[in-house]
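Q: Structure incoming, see below.
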Amino acid sequence: MKVFSKTVEIQTSKRLEFVKLDEKVQRVVEESGVGEGFALLRCSHTTGALVCNEDDSTIHRDFAEVFNRLVPEDLPYEHTMEGKVNARAHQLSMLLGTDLWVPIQDGRLQLGTWQSLFFVELFEPRRRKVEVLVLGE
Amino acid sequence: MKVFSKTVEIQTSKRLEFVKLDEKVQRVVEESGVGEGFALLRCSHTTGALVCNEDDSTIHRDFAEVFNRLVPEDLPYEHTMEGKVNARAHQLSMLLGTDLWVPIQDGRLQLGTWQSLFFVELFEPRRRKVEVLVLGE
Amino acid sequence: MKVFSKTVEIQTSKRLEFVKLDEKVQRVVEESGVGEGFALLRCSHTTGALVCNEDDSTIHRDFAEVFNRLVPEDLPYEHTMEGKVNARAHQLSMLLGTDLWVPIQDGRLQLGTWQSLFFVELFEPRRRKVEVLVLGE
């Protein structure tokens, strides 16, 4: 049983961007040499989130509608960051969550047929980090 | 330290159904032979979710009200699947999440007094899979 | 590779309170003797949640606005507990989630610069338990 960890770095380009992580995480699994076990994913940010859903641009565009519904611009938010109102990003990050796990078999991430792993940018274009920890045999 | 994994299969019968998983997951724990450790649960679907809450039908019916509040039918969703509008199921799956973990002691899942594990069907009656991975000694 | 678990106890003082867990969880990591691995956190309650976000009171106050938006008082909730309407707490617990994981390096929890771990009280002042399981070498 071994544990292996690595940081995956990405660059986001806009608010509400879904950045697919499948290939980068699969490469970490291969580097780990783990055949049977699992990968834990976690983003180190408070204005982004990790989700597992379909790689389909209509779903990602629909998410913008839901975002506006759940945390509308006109709520009386108090939080700001150096003059920027990123309160909505903090709130949605808490709702979506910042971690995931995926089983590994035969050295491959075991995702469902329609599932992919995404970092969701909720704030603005930024360099972002996703921690990947692989554990198994 | 060992790792053991098994797929639990269920059949859902309607939208917004809560299918209790406690017994099926406990059986996987017993089959694994693990006494001290944890179980990771994960559904392989993009229109369902896993939650841990009370086994109480009033809470599950209240959830229908919340579902309609969070992702109302009349938002201009773009996503469809072979003519069916399942966009709301995708969005809510991202909000609720698709994975959970539970500690194991003395070969038993350690849930809180009022907690149970549920697969939540967000779309339509379907055969669904929940992956269970048990790790420990 | 070892597994170590301990229950962290807290007392909440009001609804929508964010109780920071960083120090208590770090002490469990130190007690475990694990240098490289991860900690799994889980609350055993159905009217509270665990989140990872910024330790900033404006964000926590904004959360009250979002709470009222997502699960408003005037929805026709059915669930009650001994005459108290805590239906909103159950619903939001499912949305926020009850578990988290954090990597450990050199015996320290590896949180992002702005991240802290919180138990969120969604119901009323109560004694609450957070289970911490540490696994690693």
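The values are calculated or read from the model by the stated rules, or taken from the named source; none is laboratory data. Predicted model only: the values in this text are computed from it and were never measured. No Cβ is skipped: glycine too gets one built from the backbone with ideal geometry, and neighbour counts run over all protein chains shown.
Q: Mind listing whichever residues of the range A:106-137 are over 23 Å from B:Ala49 (Cα atoms), surrounded by fewer than 24 Cβ atoms within 10 Å (Cβ to Cβ) and at the interface with chain B (Cβ under 9 Å from one of its Cβ atoms)?
A: Result: A:Gly136, A:Glu137.
Q: Sticking with this structure for a sec: Output yes when any residue across the range C:66-75 is in contact with an Asp or Glu (Cβ under 7 Å, 6 or more places away or on another chain) and of a type outside the set (D, E, K, R), and no when none is.
A: Checked against the condition, which is being in contact with an Asp or Glu (Cβ under 7 Å, 6 or more places away or on another chain) and of a type outside the set (D, E, K, R), the range C:66-75 yields at least one hit.
Q: Next up: Here is a check on your reading of the model: is B:Leu95 in contact with a Cys (Cβ under 9 Å, 6 or more places away or on another chain) and either part of a strand (DSSP E or B) or touching a residue at least 12 places away in the same chain (Cβ under 8 Å) (or both)?
A: Here the answer is no, as B:Leu95 does not meet what is asked.
Q: Got at least one residue in the range A:78-98 being within 7 Å of another protein chain (Cβ to nearest Cβ) and surrounded by fewer than 17 Cβ atoms within 10 Å (Cβ to Cβ)?
A: There is at least one residue in the range A:78-98 that is within 7 Å of another protein chain (Cβ to nearest Cβ) and surrounded by fewer than 17 Cβ atoms within 10 Å (Cβ to Cβ).
Q: Scan the range A:106-126 residue by residue and report those that are over 22 Å from A:Ser57 (Cα atoms) and in a strand (DSSP E or B).
A: Within the range A:106-126, A:Arg108, A:Leu109 meet the criteria.
Q: Please work out which residue is nearest to the other protein chains (Cβ to nearest Cβ), limiting yourself to the range B:1-18 and to residues that are within 13 Å of B:Glu121 (Cα to Cα) and among the hydroxyl-bearing types (Ser, Thr, Tyr).
A: If we take residues in the range B:1-18 being within 13 Å of B:Glu121 (Cα to Cα) and among the hydroxyl-bearing types (Ser, Thr, Tyr), then B:Thr12 is nearest to the other protein chains (Cβ to nearest Cβ).
Q: When you look at A:Asp56, is it acidic (Asp, Glu) and touching a helix residue (DSSP H, G or I) at 6+ places or on another chain (Cβ under 6 Å), yes or no?
A: No.
Q: Can you confirm whether B:Asp106 is within 19 Å of the chain's Cα centre (by Cα), at pLDDT 95 or above and among the charged types (D, E, K, R)?
A: Considered against the rule, which asks whether it is within 19 Å of the chain's Cα centre (by Cα), at pLDDT 95 or above and among the charged types (D, E, K, R), B:Asp106 comes out as no.
Q: Tell me, yes or no, whether the range B:3-12 has at least one residue that is of a type outside the set (A, V, I, L, M, F, W, C) and surrounded by 22 or more Cβ atoms within 10 Å (Cβ to Cβ).
A: No, every residue in the range B:3-12 fails to be of a type outside the set (A, V, I, L, M, F, W, C) and surrounded by 22 or more Cβ atoms within 10 Å (Cβ to Cβ).
Q: Looking at B:Pro103 and the list (1) more than 21 Å from C:Pro72 (Cβ to Cβ); (2) within 12 Å of chain C (Cβ to nearest Cβ); (3) in contact (Cβ under 8 Å) with a residue 24 or more places away in the chain; (4) part of a helix (DSSP H, G or I), which single condition is not satisfied?
A: Of everything listed in (1) more than 21 Å from C:Pro72 (Cβ to Cβ); (2) within 12 Å of chain C (Cβ to nearest Cβ); (3) in contact (Cβ under 8 Å) with a residue 24 or more places away in the chain; (4) part of a helix (DSSP H, G or I), B:Pro103 misses just condition (4).
Q: Checking the condition buried (at least 18 other Cβ atoms within 10 Å of the Cβ), aliphatic (A, V, I, L, M), out of contact with any Phe, Trp or Tyr (no Cβ under 8 Å at 6 or more places or on another chain) and modelled with pLDDT of 95 or more, which residue from B:Val29, B:Val34 passes?
A: Of B:Val29, B:Val34, the one residue that is buried (at least 18 other Cβ atoms within 10 Å of the Cβ), aliphatic (A, V, I, L, M), out of contact with any Phe, Trp or Tyr (no Cβ under 8 Å at 6 or more places or on another chain) and modelled with pLDDT of 95 or more is B:Val29.
Q: May I ask you to say which residue of B:Ala89, B:Ala39 is modelled with pLDDT of 95 or more, more than 30 Å from C:Thr80 (Cβ to Cβ) and of a type in the set (Gly, Ala, Ser)?
A: B:Ala39
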